[in-house]
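The structure appears below as structure tokens.
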Amino acid sequence: MELFKAENIHKNFVDHVALNNVSIHVPEGSIFGLLGPNGAGKTTLIRIINQIFAPDSGELFFKNGLLRPEHVAQIGYLPEERGLYKKMKVGEQALYLARLKGLSKQDALKRLKYWFEKFEIQAWWDKKVEELSKGMQQKVQFIVTVLHKPPLLIFDEPFSGFDPINANLLKNEILQLKKEGATIIFSTHNMGSVEELCDNISLINKAEVILEGHIDTIREQHKSNTFEVKFLGLFNKLEATLSSEYEIVEATHQDDIHSVRFRLIKQMTTNELLTILMKKGTIVGFNEVIPTMNDIFIKVVEGSNKGNDLL
Amino acid sequence: MKTSIVLKREYLSRVRKRSFIVMTLLSPLIMAAFIVGYAYLIFAEDTEIKNIGIIDESMVLFESLHNSDIIKFELLAGKSIDDARELYTKDELYSILYIPANVVQSKRIQLFSEKQPSQAVVMYIENAIETYLEDKNIVDAGISREMLQSLKVKMAVDTIKWKEDGEEVKSNTGITMGLGYGAGFLIYMFIFIYGAQVMRGVIEEKTSRIVEVIISSVKPFQLMMGKIVGIALVGLTQFLAWIILITLFSWIGLALLAPDYSPEQVMQQNPASSVMATQGVPQGMNVTDISMEGDKIQKLIDSTLNSINFVAVILSFLFYFLGGYLIYAALFAAIGSAVDSETDTQQFMMPITIPLIIALLVMINAIQNPDGQLAFWFSIIPLTSPIVMMARIPFGVPYWEIGLSMGLLIATFIFTTWVASKIYKTGILMYGQKVSYKEIWKWIKYSS
């Protein structure tokens, strides 16, 4: 079932088109990656989901009906441009933001206590925000985002400003939230974290969705018949064999062990390929190269830009 | 409601600030110190008993000097001016009065002391001797004092207002002008001080990047209105605290410094007669004239105060005070949303500052000519009306004019807030852009 759905969203700003016929489908209980280069329209779409803007046309669905203003209480949003009142005390501020999301004072205090203990930051309660480091502020912001236990969470570049240890802590928290049933929309440029976290993605470029689907399916689709083999023997011999039917992408040598990446030109099964290779030396390792999200991102976006340029 | 949560934060975060508390306590303290100091100068000196020794070579004039509550005269019989210095220290006198033998011709007497004697004492002596000698002259001339009094001419212009119900009320233009000016100026100050606070608050939310977090929970309009109303309450709190504290501090100060005089007496102290008491009597007036003149002025003040419809003044003050603030506060919020830092606000401040400064200039004219064309039009035009109309109201303004002015003010408030909220909504999410008027015009036209 889909927790959130956007259908045919159009949004024009004064002098440019921000979103053109964009649709996304976010399955319940999954992590959904909203990807795209800077200025593609991701933030606009996220702001539309948060009802900061209204779309010019198109429809938004939440749970079983249309998205309505009161649903803001069921969404937790960590914007890319985020901050806190510098002169306000941490605890007071967390309480304020929680109450704006509709929590009662008692509820908010109880939950804040839980999270502050969990992150071991009780000592910050009476400190002013300006006394905290950037990473510390990010923790407070994360807590405030998830405090009201919203079924839909939206994280825009959540890892920026975190050191590797805290980024890891955050990653685990996000996975934990997913396990507890939350649906998460996750926007980032960090493709490594997309591979680690996301189930489905939509890639937006120049106001349009150019790629969407389950991450495994997408990677499968973008396989380019590339294999990597490690073997003991003579490189020349292998090269001679491969040059006709295969294209060598990359080769590295360490003592007698050669690592070769090559692309298959002819269609053949893995077994057939291995049979050919086995005659040339001792095989140490063999695997098919599945493209990273980073490769796919670059390839698809550049391809789409070229296509547009031709038009 | 969410707006009230925003409002509460805006209010409490400002009211609890150290600078607010210091300002709220310190300003009345300074004001009260002035009031108490002023009152002290008038009263405190008078409570001390002053012994004045008289060396009278004319041998008659000392009879004219009668003891008052605080001035005691003592004839130093048989002493000459050469002994004065010695006597002064020995007898702990306040001062020594020397009346030379030829006083009637020279009309000069001398008062010796180490400190500058108070003006009140000098006046007392002058008046006593003048009256004495005058009486003597009158008798010598063969007429009576009553006759002299009847020959004197003293002109005064009483200004009388016809109220709508036909009642005649004596008024004093000076007091009415002062009241109008004070009220108009307070509104001007309030708009600038607290309007700027709204603007700074918006800029703070923008630069700290908290704004997007908040508007994912509340509508930008709610955030803006929460801030504007919250800050209005901060302003009202401060003014109210000032009024109460100034009164309280003055009361306490006066009670401590001048215990013989009840605060009521100080408050009712006739400003006109106290000015005369300290600055000397106008020529041609004698002691009885002073008190008569004082009474007259006191009556006139009472009559003026009665002639001003205080309920109307206070109610319309509250209305224009808030209305004036509200139309400008929304504009201040819009400016704050369009810029990235306070230094960029300059170019957008012009449209706000110009009507306010015009209003202030027109107000100065309006208190002199409250029913002129200039005063009339600018008290109707909404951007200047809070200040100009307030200056006119103590003089009495027809109800239809007040109604028109208030109606337009409310309409303008709705309009400026609507325009401002459009700018605000777009502006708060714009970072790192130099915004021009053209750009802002696009934001207004653009509807989301």
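The values are calculated or read from the model by the stated rules, or taken from the named source; none is laboratory data. Owing to the predicted nature of the structure, the values given are computational and were not obtained by experimental measurement. Positions of Cβ are generated from backbone atoms using ideal geometry, with glycine treated the same way; all protein chains shown enter the neighbour counts. Side chains included, ligands, DNA and RNA excluded: accessible areas come from the protein's heavy atoms. Shrake-Rupley method; radii C 1.70, N 1.55, O 1.52, S 1.80 Å.
Would you tell me the accessible area of A:T145, worked out with a 1.4 angstrom probe on the heavy atoms of the protein chains, in Å² to the nearest 10?
Roughly 10 Å² of A:T145 is accessible to a 1.4 Å probe.
Check cross-link reach from A:K110 to the lysines: straight Cα distance under 20 Å, and skip same-chain residues fewer than eight apart.
Cα-Cα hits under 20 Å: A:K89, A:K101, A:K118, A:K127, A:K139, A:K149.
Give me the 1.4 Å probe accessible area per residue for chain A, excluding ligands and nucleic acids, in Å².
Accessible area per residue, chain A: 49 Å².
In the range A:2-220, what is the volume of the convex hull around the alpha carbon atoms, normalised per residue and reported in Å³?
It is 125 Å³ per residue.
What percent do you get for the relative contact order of chain A when only Cα pairs under 8 Å and 6+ apart count?
Averaging sequence separation for qualifying contacts and normalising by length gives 20 percent for chain A.
Within 10 Å, count the other beta carbons around each residue, average over each peptide in A:190-198, A:136-144, and list them highest first. The partial results should precede the final answer.
Values: A:190-198: 17.9, A:136-144: 21.9.
The packing order, highest mean first, is A:136-144, A:190-198.
Go ahead and collect, in residue order, the members of the range A:147-187 whose backbone nitrogen is under 18 Å from a label point 7 Å along the Cα-Cβ direction of A:A123.
A:166
Quick one: what are the phi-derived ³J(HN,Hα) couplings along the range B:420-432, Karplus 6.51/-1.76/1.60 with θ = phi - 60°, whole Hz, x for glycine and proline?
Computed from phi, the couplings for the range B:420-432 are 4, 5, 5, 5, 4, 4, 7, x, 5, 9, 9, 10, x Hz.
Using R₀ = 35 Å, calculate the FRET efficiency as 1/(1 + (r/R₀)^6) where r is the Cβ-Cβ separation of B:L240 and A:K149; round to 0.05.
Efficiency computed from Cβ-Cβ geometry: 0.25.
List the aspartates and glutamates whose Cα sits under 14 Å from the Cα of A:K87, skipping any in the same chain fewer than 8 residues away.
Output for A:K87: A:D126, A:E130, A:E131, B:E10, B:E204, B:E205.
Roughly how many debye, to the nearest 20, is the charge dipole of the range A:2-220 about its Cα centre, given +1 on each Lys and Arg Cβ, -1 on each Asp and Glu Cβ, and no other charges?
1000 debye
Among the GluC sites (Glu not before Pro) within the range A:107-164, which fall in a DSSP loop and have no more than 11 other Cβ atoms within 10 Å of their own Cβ?
Hits after loop and neighbour filter: A:E120.
Helix A:235-245 against the longest principal axis of chain A: what's the angle in degrees, Cα atoms only, rounded to the nearest 10?
Around 80 degrees separate the two axes.
To the nearest 100 Å², how much accessible surface do chains A and B hide from each other in total, with a 1.4 Å probe?
Numbers: alone 16460 and 25050 Å², together 38870 Å².
By this definition, chains A and B bury close to 2600 Å².
Please list, ordered by chain and number, the residues whose modelled amide H lies under 5 Å from the amide H of B:I71; skip anything fewer than 5 residues away on the same chain.
For B:I71, whose amide H was placed from the backbone, the distant partners under 5 Å are B:K50.
Can you find, among B:Q347, A:V229, B:G407, the residue farthest towards the positive end of the dipole of the protein assembly as shown? Put +1 on the C-beta of Lys and Arg, -1 on that of Asp and Glu.
A:V229
Please list, in chain and number order, the residues 5+ apart from A:I185 or on another chain whose amide H is under 5 Å from its amide H, with Hs placed from the backbone.
Residues meeting the amide H criterion: A:F32, A:L153, A:I154, A:F155.
Nothing charged except the Cβ atoms of Lys and Arg (+1) and of Asp and Glu (-1): what's the magnitude of the dipole of the protein assembly as shown about its Cα centre? Round to the nearest 20 debye.
Numbers: 73 positive and 81 negative charges, 560 e Å.
Charge dipole of the protein assembly as shown: 2680 debye, to the nearest 20.
Residues of B:214-227, mean number of Cβ from any other protein chain within 10 Å of their own Cβ, rounded to a whole number?
On the way: counts 4, 8, 17, 13, 3, 4, 1, 0, 1, 1, 0, 0, 0, 0.
For this peptide, the per-residue mean of nearby foreign Cβ atoms is 4.
Please report the spacing between the Cα centers of the range B:390-406 and the range A:43-66 in Å, no decimals.
49 Å
Could you identify which residue out of A:K266, A:K223, A:K63 has the top mean-square fluctuation in a GNM of chain A using Cα springs shorter than 10 Å?
A:K266
Take each of the peptides B:59-66, B:215-222, average the number of other beta-carbon atoms within 10 Å over its residues, and list them starting from the highest.
In decreasing order of mean packing, B:59-66, B:215-222 become B:215-222, B:59-66.
Keeping the other protein chains in place, figure out the carbon and sulfur percent of the accessible area of the range B:357-448, with a 1.4 Å probe.
71 percent
Longer than 19 Å from Cα to Cα, which of A:K5/B:K445; A:K86/B:K2; B:K206/B:K434; A:K86/B:K425; A:K223/A:K306; A:K171/A:K206 are they? Say none if no pair is.
On the way: A:K5/B:K445 30 Å; A:K86/B:K2 22 Å; B:K206/B:K434 14 Å; A:K86/B:K425 22 Å; A:K223/A:K306 21 Å; A:K171/A:K206 29 Å.
Long pairs (Cα-Cα over 19 Å): A:K5/B:K445; A:K86/B:K2; A:K86/B:K425; A:K223/A:K306; A:K171/A:K206.
Once both labels are modelled 7 Å past Cα along the beta-carbon direction, what's the B:L29-B:A411 spacing in nm?
Result: 4.9 nm between the two label points.
Which one of B:I54, B:V103, A:S259 is farthest out on the positive end of the charge dipole of the protein assembly as shown, using unit charges on Cβ (Lys, Arg +1; Asp, Glu -1) and the Cα centre as origin?
Comparing the listed Cα positions along the dipole, A:S259 ranks first.
Taking amide H positions as placed 1.01 Å from N in the peptide plane, with prolines and chain starts having none, which residues 5 or more places from A:V284, or on another chain, fall under 5 Å of its amide H?
A:K230, A:F231, A:L232
For Cα pairs less than 8 Å apart in space and 6+ apart in sequence, what is the mean separation divided by the residue count of the range A:224-288, i.e. the relative contact order in percent?
It rounds to 50 percent for the range A:224-288.
In the range A:57-93, which GluC sites (Glu not before Pro) are in a loop and have at most 15 other Cβ atoms within 10 Å, using DSSP for the loop call?
Listed in order of number, the matching sites are A:E81.
Give me D for the protein assembly as shown in µm² s⁻¹, whole number, from Stokes-Einstein with Rh from the Kirkwood sum over alpha-carbon pairs, 20 °C and 1.002 mPa s.
Diffusion coefficient, whole number: 63 µm²/s.
Give me the aspartates and glutamates in straight-line cross-link reach of A:K280: C-alpha distance below 12 Å, same-chain residues under 8 apart excluded.
The reachable aspartates and glutamates, counting only those whose Cα sits under 12 Å from A:K280, are A:E239.
Among the trypsin sites (Lys or Arg not before Pro) in the range B:35-122, which ones are in a DSSP loop with at most 15 other Cβ atoms within 10 Å of the Cβ? Mind listing them?
Passing both the DSSP loop test and the Cβ count: B:K107, B:R108, B:K115.
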